[in-house]
Structure formats: structure tokens, C-alpha cells
1. In nm, to one decimal, how far is the GLU454 label point from the SER191 one, both placed 7 Å along Cα→Cβ?
2. Would you please state which residues of segment 126-145 a label at LEU117 would reach in this model, taking the label point 7 Å out along Cα→Cβ and a backbone N cut-off of under 19 Å?
3. Convert each backbone phi in segment 127-143 into a coupling constant with the Karplus relation 6.51 cos²θ - 1.76 cosθ + 1.60 (shift: θ = phi - 60°), then list the ³J(HN,Hα) values in order as whole Hz, x for Gly and Pro.
4. Near the amide H of ASN74, under 5 Å away, which other amide H atoms are found, from residues 5 or more places off or on another chain, if H is placed in the peptide plane?
5. Please get the size of the charge dipole for segment 110-241, origin at its Cα centre, with Cβ charges of +1 on Lys and Arg and -1 on Asp and Glu, quoted in debye to the nearest 20.
6. Can you give me the P(r) profile for the chain? Cα pairs, bins 10 angstrom wide beginning at 0, each as a whole percent.
7. Grab the other residues whose beta carbon is less than 13 angstrom from that of PHE238, score K and R as +1, D and E as -1, and report the net.
8. If segment 277-477 were replaced by its equivalent ellipsoid, with semi-axes equal to the square roots of 5 times the Cα gyration tensor eigenvalues, what would those be, largest first, whole Å?
Amino acid sequence: MENKVKLGRSTGFFESFDRRPSNKTNMHYCPGCGHGILHKLIAEAMVDLDMQTKMVFIAPVGCAVFGYYYFDCNSISVAHGRAPAVGTGIVRTNPDNFVISYQGDGDLGAIGFNNFLQAANRGENMVVCFVNNAIYGMTSGQMAPTTLIDQKTVTSPYGRSADNEGFPLKVSEMVAALTSPIYVERVALTSPKNIRQARKALRKGMQNMKDKKGFSLIEFLSGCPVNFKMTTDETDNFIEKEMIPYFPLKCFKDIADERSPIVRPKPITAKEKVKEILFENITPLAKEPVTLTRDYKLKCAGFGGQGVLSLGLMIATMGKMRGINVSWLPAYGPEMRGGTANCSVVLSSGFIGAPLVEKPNILVVLNQASMDRFHNDVALFGVVVYDSTHIELPKDPRKDIKYLSIEATKIAKDAGSAKCANAAMLGAFATILSGFGKTEFEDVFEEAIRKTFELKPEVIDMNIKVFKLAKQQTIKTSER
Ligand SMILES: Cc1ncc(C[n+]2csc(CCOP(=O)(O)OP(=O)(O)O)c2C)c(N)n1
Ligand code: SF4
Ligand SMILES: [Mg+2]
């Protein structure tokens, strides 16, 4: 490995920063900022260690958000705090790639802390470069998880207080306590001596990654003169005199030599193979997908315990059996205890952008509260299907949607189990679909019931019976 300090710009950087809309020669960092120093260390190390072509630099949300302007390697910009999660995807799908998860104290220690900690705990093969400048730099100096006690920021104008905001987070100490990480060191981007140590630590972490040994964390104490409202000398002094006593510079863990290279099962990414696995136990019908001319966006709502979630699941399963994309999103929480429960279901021949259905084109309701609460959300010319055994039209019915009803609970009760009112609603749904000419689902309803209740085989026959009875009933269009 080339280890000599070189003068001039590293070839790890683009020759010209063409991705920058304005100045193509300089970085955007303020004078005296630690980010610029660390960028240089990274660029040089990735060239010297011959990792450039396989390196993926993950830029955080924070002042380093534009890191991809500078590094001549693969790069990705991610949502705030999500670098270790995206990095996990990269190294798991392409284990030969290298990932630098570059994160500030807000990005890593606040919004993204769980993502970070879980990646560390899984021992992902990556290097996390944690820039601890004790402040939110990009957003003009708010308090960070690592802001020191008594340090003034715009959101702690009297200084951080342990009683009010707790003590600054010692990230390296916490991560070193986990079993998986192999290397954890805290360094500082201040004096030449400290920068030399930072350079060494970074290279060690990167070598670990090259050897596929797992997770390395390097915490860089760094200055933000602009938001500290200090000169660069004062900033270095603040790091030396205030930060280092609380965040000691230290190698907390270095056990790479004790670990063998990680070998993880290769994930299956080939589309056809994924389909085969997903649909293996479902039905051969899935291999000839139906084409829907429009998406079905449903909301099924009622009391917890009425089977609205299973109703949604049955409908989603039908879609799955016919080879189209489906999503099923239940709403849990306090609503489950006797209050309303609901789920969103989408059936689509295309991609499903969001599984949450806010404007259903079909609303299936099993209690009055859900009728009153959701009917105003139904999309223009949409349909509300309700159980008229105990639900009435809302006080202010809309003129631009249809209200269809079936005595679901009565049908189910007469058949022997009022609990199967949801299967009666499925029957109503089948009738509505055949009204739309969507008979291609015809042969999967019963199979969907069987599949949904395969762990409760004793309820299958009754559900199918109620479904069939309901399908024979005429659905009423309610007067408005
Ligand atoms: C989801 C989301 N929440 C909040 C923000 C606002 N925001 C932008 S950067 C940032 C924190 C930056 O601080 P840090 O991670 O310490 O990076 P620094 O700028 O100090 O290097 C925040 C809260 C955002 N962009 N996205
Ligand atoms: S605001 Fe602070 S962290 Fe951001 S570039 Fe300027 S000095 Fe660096
Ligand atoms: Mg910061």
C-alpha cells in the first residue's frame, strides 16, 4: 500500500468539480471546516488502497450532502440518517463493493441512530466516518446529540444542560460495547499530529473493509467555526480543550485480526427467480398475470375483531394469485381495542408507489363509525360497500359516489357464524368486480380464502359457505 503523504490534489477527487453548479474548482466547505480535511484523507486512501473503482461514497444529509461533487468514485445521496441502511443494501447485494457511510452527529446520532446502531450490530462490511462537530452545521447551529454541556447553540441559547437535554452521546464508547464491530477509534481533525493519526485510523478501517472483516467506526472530532462563532484557531482550541476531555481520543476496539472474512449468502435478485419463489405455493394462475386497466385502491374498515384485516388480506391474496402487484397495509395501534381498525389494499398491474390508501376507489365498511369517518375520503365516482344489517347511510351522503349495501352480518349469522360477515363482504366485492367485467378474478376467490386461513383450517368451510351465499344476493344501491 502506498502510504506516503503527497502534495497536491488526489486523483481520488475529480479533476474539475463539474457536478457543482457554480465554482468548479473549490469545495463548498467553510474555511477551517473539518469536512474538507477528511475528504482529502478519504480521497487519498481510496487511491492508495486501490479501492476507487469499487468504492461507493454515501453522502449524508448535512454539510457533506454534496460529497458526490468531489469524489471520483460511485456515490449515492440518501435521506437523512439512512446511509448505513442504504450501505447495507449495497454490500449485501454486491459484496465486492466498498461503502463509506459518511455521517454527521445529527445524521448519525439523532435521526439515523437506530439505522446506524443496527448496521453496527449486524457487523456490515463498511466504514462509518462519523464527523462529530457537536452541532448541526448545515442548518445553522442547532444542538446536536453530541453538543457539550454548557455549549451554546441556537436551540440551547443558555447552554446545554444535563438536566434538560441529557449528556452528550458517546457514540464510539457505545459501539465498542457491541460484539460485531471490529474497529472503533476516535480521532481529531486539528493539529498535524492528530490529522496524521486520523489518516492512519481511516486507512485501517478501509483495509478492514477491503479484507471483508466487517464494521469499522471512526469518529472524527471536527470543527465548525461558522456555527461555533469562532476563528479557526479558537475552533481548534475548543476541540482540544473542551471536546477531547469529554470525547477522549482513543482506539476503543481493534479485533480485526481475530475475525475471518465475512461470507454471507448471496441474495437472489433475478426477477424471474424471485417470482418463482414468491408464487411457488400459490397457484399456476400467477404465471399468466391479469392486466388491470386501473388500480384498485381499497380501504376495509370496521371494529377490531370483525375481520377487516383478513378481508383485506383475502383481497390482496387474490391479486397475488393472479400475478399482479399488491400491497396490504394494516392500521394497528389503540384502534384495535374495540375502536376502529382498517387496512389499505392496492391491486395494480404497475408499480405501487405508496401502500397507504388515502382516497380509496372502493371503501368496504363494517361499522357505522368507519362509514362516518371514511366516506368523505372516497375518490370521485368511487364506491362504498357497507353491511346494512347495522349500518346506515351517513347523515350527509355524497352525490358523487355510490353507496352499495348487503346484509353481511345477517347472511353470515343465518349461515351459522356472524363472525364471517367479512366473507359476506368479500362476496359483495366479487359481485362488484363482475359488474366491472373483472371476471378474471372469479376462480381465485375461494382459493384466496383457503390461503388466508390456512393456519385456521376449521374456519375455511364456513367462510366459503358465507362467501357463496353473499354472492348470490343482490347488492342494493342505497337511496341518497
Ligand atoms: C428528514 C429530515 N429532517 C431534517 C432535516 C434538516 N436537516 C438538514 S441537515 C440536518 C442536521 C445536520 O447536522 P449534522 O448531521 O451534524 O451534519 P453537519 O452539517 O454538522 O455536518 C438536519 C436536521 C432534513 N434535511 N431531513
Ligand atoms: S457550516 Fe460548519 S460544518 Fe458546515 S461547512 Fe461550514 S464549518 Fe463546515
Ligand atoms: Mg454536525
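1. Computed distance between label sites GLU454 and SER191 equals 6.7 nm.
2. Answer for this model: 128-132, 144-145.
3. Once θ is set to phi - 60°, the couplings for segment 127-143 become 10, 9, 9, 9, 8, 9, 10, 6, 6, 7, x, 4, 9, 5, x, 7, 5 Hz.
4. Amide H neighbours of ASN74, under 5 Å, 5+ apart: MET55, PHE57.
5. In total the dipole reaches around 620 debye.
6. With 10 Å bins starting at 0, P(r) equals 4, 17, 21, 14, 14, 16, 11, 3, 0.
7. -3
8. Working: eigenvalues 110, 79, 54 Å².
For segment 277-477, the ellipsoid semi-axes come out as 23, 20, 16 Å.
The values are calculated or read from the model by the stated rules, or taken from the named source; none is laboratory data. Keep in mind the model is a prediction, meaning the values are calculated, not measured. FYI the Cβ positions are ideal-geometry reconstructions off the backbone, even for glycines, and counts take in every protein chain you see. We work out accessible area using only protein heavy atoms, side chains counted, and drop any ligands, DNA or RNA first. Shrake-Rupley method; radii C 1.70, N 1.55, O 1.52, S 1.80 Å.
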